[in-house]
Structures are given as structure tokens and as C-alpha cells.
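Working notes, beginning with the structure itself.
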Amino acid sequence: MIIGSHVSFKKDTQLVGSVTEALSYGSTTFMFYTGAPQNTNRQPIDDKLTNEGKELMLKNNIDINNVIVHAPYIINMASNNDFAVTFLKEELKRVEKLGMTKLVLHPGSSVKLTKEEGIQNIIDNLNKVGESKVKILLETMAGKGTELGSSFEEIKQIIDGVNYELCVCLDTCHINDAGYDISDFDNVLKEFDQIIGLKYLKCVHVNDSKNLINTHKDRHENIGFGTLGFANLIKIIYHDKLKDIPKILETPYVTVDDNSKERMYPPYKFEIEMILNKEFDSDLINKIRAYYK
Ligand code: FE
Ligand code: FE
Ligand code: ZN
């Protein structure tokens with residue numbers, strides 16, 4: 001089982017810190033942003049920390065090809081400015097320097113443009129970025145606001161317009177919110193295969209959702225505690241056709257009341273345990289609170 005979660009990438013520990021955090025959750029892979037997800041300030045990559053991190057991965061059988069980097073979600077490839085292009089080029093260089101091979105990217109939002117104009121901008125901008133050793137994985141989106149890429153058809157349109165190979169990251173919360181019925185996942189995969197092609201699927205974001213199908217909200221929920229439910233998510237995680245694909249949890253941190261001060265703690269160690277046991281624990285959130293208290 002190739003499973004892990006989103007982990008931090010801190011200025012002073014970089015990859016070593018990320019790997020250490022992933023291992024503390026019992027993960028066999030992980031995903032990180034090269035800085036804060038919500039801004040584009042980035043530190044130079046420290047080769048010494050990268051090498052130490054890679055050694056730690058090797059010792060613990062984490063395959064570098066299963067590690068995912070996520071581009072900051074504020075860069076908008078559907079916009080008309082060159083900043084997104086410049087930033088993404090630099091980001092790809094950082095990922096390459098780290099030795100990782102996959103970068104997940106939110107396609108973008110059309111904002112005041114039409115859908116078609118937005119998609120055309122994404123295509124033009126990705127062509128300007130150009131091919132690199134790092135594979136870009138377009139993420140399937142919930143369709144919140146003017147988000148593009150909330151249908152397999154839109155993702156396919158972008159893939160077809162770009163003159164090098166793009167791949168895809170499927171987010172279970174997002175596709176539910178976008179209108180795909182996760183309870184019939186075989187049918188969703190069939191549709192994915194017919195429209196995009198299953199061989200392009202390189203990562204799955206495993207999240208439950210706080211909202212019903214087709215609500216276009218994008219609010220993640222802890223595994224088994226949302227509208228998708230534990231049984232449906234287990235079917236996806238253990239799906240035969242997805243067995244070689246990294247599964248990444250992006251579920252919300254749990255709030256713990258610490259002497260009237262609220263702190264947030266990661267649920268991943270517990271969610272991964274529950275997934276490996278294949279048995280839902282309705283008391284999980286309380287157990288996480290007790291553990292961190
Ligand atoms: Fe994402
Ligand atoms: Fe995601
Ligand atoms: Zn999301």
C-alpha cells in the first residue's frame with residue numbers, strides 16, 4: 001500500500017523534516033509544498049538536507065517516484081499574467097533539484113474570463129512553461145467558484161492542447177463535489193478511462209467530503225466522517241487498478257482544546273492505521289484528541 005499524507009516542508013529542516021514527519025505517521029509515501037501553500041515565497045533548496053532526506057527515505061523503503069510535490073494553489077494558470085509561468089518554471093526546477101518526479105497542479109480559475117478563454121490560457125501558459133523532467137499532474141477540481149478542471153472533459157481538453165505529456169491527480173472529495181458518484185467508483189474509473197485514459201492517473205488524493213455530491217464546495221473531511229463514507233473510500237484505496245498509485249490524505253487537522261487554547265493536530269497516523277485495519281472507528285477523533293492532549 002502506497003499511502004501517506006500532506007506533510008510540512010520547513011525552512012530549517014526541509015526534506016529531512018518532511019520524511020521524518022511522514023515516517024511518524026507510518027506512511028510509505030508523502031506529499032509536500034516547497035513552502036507555504038498559500039504564498040509563493042520560496043527558500044533555496046539545501047542539498048545537504050536533500051541528501052540526508054533521501055538517505056532516510058532509502059533506509060525506510062520510501063520510493064522517491066511515489067513522492068508528490070504540490071504547487072502553491074494561488075498561482076492561476078488560467079490568468080493572463082506571466083507570473084504564474086515564471087513561478088511554475090522555477091518550481092519545476094526546485095522539484096527537480098529535490099529529485100522528485102511529480103508535481104500536482106490545480107489547473108486554474110477563469111475569474112472574469114469565459115471558461116473557454118480560461119482553458120485556452122492554461123494551455124498557452126503550460127506550453128510557455130515547457131516540458132521538464134518533472135511530470136505535471138493536473139488535479140481534478142471541485143468546481144468551486146470559477147475553478148476549471150472539474151470535469152474529466154475539461155482536464156482532457158487541457159491535456160490535448162499542451163504539446164508535452166501531462167498526467168492527472170484524482171481527488172475523491174473534489175470529484176464528489178464536482179458531481180461524480182463515488183459510490184459507483186468502478187463507473188467513475190470507467191468514465192475516466194474512456195475520456196482521459198487510466199494510464200494518465202498518477203496520484204489519488206484520498207479525502208472525505210463535508211458536502212453532498214455536486215455542491216461545488218471543496219471542504220475536506222476526515223476519512224469516514226463525511227458524505228463519502230469509510231466503505232466507499234476503502235474500495236477506492238484498495239482498488240486493484242489503483243494499486244501502484246500513491247494515495248495521499250489531505251484531511252483536516254483535529255482541534256484539541258488545550259487549557260481553553262485551541263490547537264490543531266494532524267490526524268494522519270490514526271487515519272492510516274484505520275485504513276490499514278480496514279475498520280472504521282467512529283471514536284477516532286476523540287482518540288486523536290486524547291493522544292495529543
Ligand atoms: Fe490540491
Ligand atoms: Fe487535493
Ligand atoms: Zn480540496
Cβ-based charge dipole, the chain, positive-most Cα from Asn80, Gly197, His6: His6
Most mobile listed residue (Glu262, Glu139, Glu273) in the chain, GNM with C-alpha springs under 10 Å: Glu262
Gaussian network model of the chain, springs between alpha carbon atoms under 10 Å - residue of Leu148, Leu212, Leu58 with greatest fluctuation: Leu58
Summed side-chain charge close to Phe280 - residues other than Phe280 whose Cβ falls under 15 Å, Lys, Arg +1, Asp, Glu -1: -4
Test item: Cα-centred dipole of the chain, Lys/Arg +1 and Asp/Glu -1 on Cβ, debye: 660 debye
Listed residues Ile74, Ile2, Ile236 arranged by accessible area, highest first, probe 1.4 Å: Ile74, Ile2, Ile236
Theoretical gain in end-to-end length, Asn286 to Asp193 [0.36 nm per residue, Cα-Cα removed]: 29.5 nm
Square roots of 5 times each gyration tensor eigenvalue, C-alpha, the chain, largest first, Å: 28, 24, 18
For Lys210, solvent-accessible area (1.4 Å; no DNA, RNA or ligand), Å²: 80 Å²
Hypothetical label at Lys235: residues of the stretch 185-214 whose amide nitrogen lies under 16 Å (7 Å Cα-Cβ projection): 185-192, 207-209, 213
Subset of Lys48/Lys102; Lys59/Lys128; Lys93/Lys115; Lys156/Lys278; Lys235/Lys287 violating a 32 Å alpha-carbon distance limit: Lys59/Lys128; Lys156/Lys278
Chain lengthening between Phe83 and His216 when straightened (0.36 nm per residue, less Cα-Cα): 45.1 nm
Accessible heavy-atom area order of Ile237, Ile285, highest first, probe of 1.4 Å: Ile285, Ile237
DSSP bridge orientation in the chain - percent antiparallel, rounded to nearest 5: 25 percent
Heavy-atom SASA rank of Asp47, Asp177, Asp160 (probe 1.4 Å, accessible area, largest first): Asp160, Asp47, Asp177
Two-decimal Rg to Rh for the stretch 1-150 - Kirkwood Rh, Cα set: 1.00
Cα gyration tensor shape of the stretch 76-178, rounded if a/c is under 1.5, else prolate or oblate by comparing a/b with b/c: oblate
Lone cysteines, the chain (no partner Cβ under 4.7 Å): Cys167, Cys173
Solvent-accessible area of Tyr265 with every protein chain in place, 1.4 Å probe, in Å² to the nearest 10: 50 Å²
Average accessible surface area per residue within the stretch 3-251, 1.4 Å rolling probe, Å²: 42 Å²
Cα-projected label distance for Asp160 with Asn259, points at 7 Å along beta-carbon direction, nm: 6.2 nm
Glu52-Asn127 FRET efficiency (beta carbon distance; Förster radius 30 Å; 0.05 resolution): 0.25
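The values are calculated or read from the model by the stated rules, or taken from the named source; none is laboratory data. No experiment lies behind these values; they were computed from the predicted model shown. No Cβ is skipped: glycine too gets one built from the backbone with ideal geometry, and neighbour counts run over all protein chains shown. For the accessible areas, the whole protein counts, side chains as well, though only heavy atoms, and no ligand, DNA or RNA atoms are used. Shrake-Rupley method; radii C 1.70, N 1.55, O 1.52, S 1.80 Å.
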